[in-house]
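Colleague: Once you've had a glance at the structure underneath, I'll fire off some questions.
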Amino acid sequence: MKALLLAAGLGTRLRPLTDDRPKALVEADGKTLLEHNILYLKSQGITEIVINVHHFGEQIIDFVRCHDFSIPLRISDERGQLLDTGGGLRKAAVFFQGEENFLVYNVDVFCDMNLQQMAETHHRQGNLVTMAVRHRPTQRHLIFDADGRLLRRADEGTKVLSQGEQLAAFSGIHILSTHIFPLLPEEACFSIMPAYLKLASGHPIRAYFHDESFWMDMGKPEAIRAYEQ
């Protein structure tokens, strides 16, 4: 399975570390976030990685050219316009022609989840999208039904759920069927989560809970320090 590694963001939460570099090249424990995740994805059986770039994109391109990770690395170039998660996904579609499914992974996430098990679940359930989720605090909870299907966002302060419903937080890791591409909005720049919420009523978009695995959002300087400690 191939993967799209989302690295085009402005890295505003990581400032001042991203004042002169993309968030993908911020270091944690002596390695860039990009290197950590290339090695992780390779260890999980990913066969090719597409990296989208925008903010200081030429630095990522140079980094890829100067390092040999023994896995094909491709660049989806968004330096002309930042396309957000959905637009970046649509632009990278050309790299996944002929594939049945592919992984999308945020470069500012660290995780040790077994991605092959997640892929097997995705295939067995016949999902359009399988979203890795956890029970953790967040301002952006999602609500899933008893079968794990995505229902809606949780309103701020949501406490009462219908029977069988559960709150979960998205981990920035998802496996998608390539059948999603013709279903996506036509505009160039859009966020993927509203698209998922719209598609969920007619297509199987399900949660994959991974509370037992290590997961960490590396998107803030204090997270980098905590990981190193």
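The values are calculated or read from the model by the stated rules, or taken from the named source; none is laboratory data. This structure is a prediction, so every number in the text was calculated from the model and none was measured. Cβ coordinates were reconstructed from backbone atoms using ideal geometry, including for glycine residues, and neighbour counts include every protein chain displayed. With ligands, DNA and RNA removed, areas are computed over all heavy atoms of the protein, side chains included. Shrake-Rupley method; radii C 1.70, N 1.55, O 1.52, S 1.80 Å.
Colleague: Compare the Cα positions of 39, 51, 92 along the charge dipole of segment 26-110 (+1 at Cβ of Lys, Arg; -1 at Cβ of Asp, Glu; about the Cα centre) and return the one farthest towards the positive end.
Modeller: The Cα lying farthest towards the positive end belongs to 92.
Colleague: Okay, moving on. Calculate, axis by axis, the spread of Cα positions in segment 52-125 along the three principal axes, and write the results as whole Å, longest axis first.
Modeller: For segment 52-125, the Cα spread along each principal axis is 39, 27, 24 Å.
Colleague: Right, next: Rounded, prolate or oblate: pick one for segment 85-166, where a ≥ b ≥ c are the square roots of the eigenvalues of its C-alpha gyration tensor, a/c under 1.5 means rounded, and failing that, prolate if a/b is larger than b/c, else oblate.
Modeller: The shape class here is prolate.
Colleague: Another question about this same structure. Run through segment 122-229 and list the trypsin sites (Lys or Arg not before Pro) located in a DSSP loop whose Cβ has at most 16 other Cβ atoms within 10 Å.
Modeller: 140, 159
Colleague: Additional query: What's the percent breakdown of Cα-Cα distances in segment 144-205 across 10 Å bins, shortest bin first?
Modeller: Pair shares across the bins are 17, 50, 27, 6.
Colleague: If you line up the long axis of helix 57-66 against the longest principal axis of the chain, both from Cα atoms, how many degrees apart are they, to the nearest 10?
Modeller: 70 degrees
Colleague: Quick check for you: with a 1.4 Å probe and neighbouring chains kept, what is the accessible area per residue of segment 71-115, in Å²?
Modeller: 41 Å²
Colleague: Something else about it: Just from its helices, what would the mean residue ellipticity at 222 nm be for the chain, if runs of 4 or more DSSP H residues each count -39500 (n - 2.57) and the sum is divided by every residue, rounded to the nearest 500 deg cm²/dmol?
Modeller: -7000 deg cm²/dmol, from helical runs alone.
Colleague: Can you give the charge dipole size of segment 173-229 about its Cα centre, rounded to the nearest 20 debye, using +1 on the beta carbon of Lys and Arg and -1 on the beta carbon of Asp and Glu?
Modeller: Value, rounded to 20: 140 debye.
Colleague: Shifting gears a bit: Percent relative contact order of the chain, based on C-alpha pairs within less than 8 angstrom and at least six residues apart?
Modeller: Relative contact order of the chain: 26 percent.
Colleague: Which of 194, 119, 130 sits closest to the plus end of the dipole of the chain, meaning its Cα is farthest towards the positive end, when Lys and Arg get +1 and Asp and Glu get -1 on the C-beta?
Modeller: Toward the positive end, the furthest listed residue is 194.
Colleague: Lysines near residue 2 by alpha-carbon distance under 19 Å, same-chain residues fewer than 8 away left out - which ones?
Modeller: 42, 91
Colleague: Let me check I've understood the local charge: for residue 57, count other residues with C-beta under 14 angstrom from its C-beta, Lys and Arg +1, Asp and Glu -1. What total comes out?
Modeller: So the surrounding residues net to +1.
Colleague: Related question: How far is helix 33-43 tilted, in degrees, relative to the longest principal axis of the Cα atoms in the chain, given as a value from 0 to 90 rounded to the nearest 10?
Modeller: For helix 33-43, the angle is close to 70 degrees.
Colleague: Give me the dipole magnitude in Debye, nearest 20, for segment 116-229 about the Cα centre, with unit charges on the beta carbon: positive for Lys and Arg, negative for Asp and Glu.
Modeller: With only Lys, Arg, Asp and Glu charged at Cβ, the dipole is about 100 debye.
Colleague: Right, another one. What percentages, rounded to whole numbers, describe P(r) for segment 25-77 computed over all alpha carbon pairs with 10 Å bin width beginning at zero?
Modeller: Here the calculated profile for segment 25-77 is 24, 60, 17.
Colleague: Give, rounded to the nearest 20 debye, the magnitude of the charge dipole that the chain has about its Cα centre when Lys and Arg contribute +1 at Cβ and Asp and Glu contribute -1 at Cβ.
Modeller: In total the dipole reaches around 360 debye.
Colleague: Which of the GluC sites (Glu not before Pro) found in segment 134-229 are loop residues per DSSP with 16 or fewer other Cβ atoms within 10 Å of their Cβ?
Modeller: Sites meeting the loop and neighbour criteria: 156, 165, 186, 187, 212.
Colleague: Quick one: compute a quarter of the convex hull surface over the Cα atoms of segment 110-229 and quote it in nm².
Modeller: Over all viewing directions, segment 110-229 projects a mean Cα-hull area of 9.0 nm².
Colleague: In straight Cα distance, which lysines are under 22 Å from residue 220, not counting same-chain residues fewer than 8 positions off?
Modeller: The reachable lysines, counting only those whose Cα sits under 22 Å from residue 220, are 23, 31.
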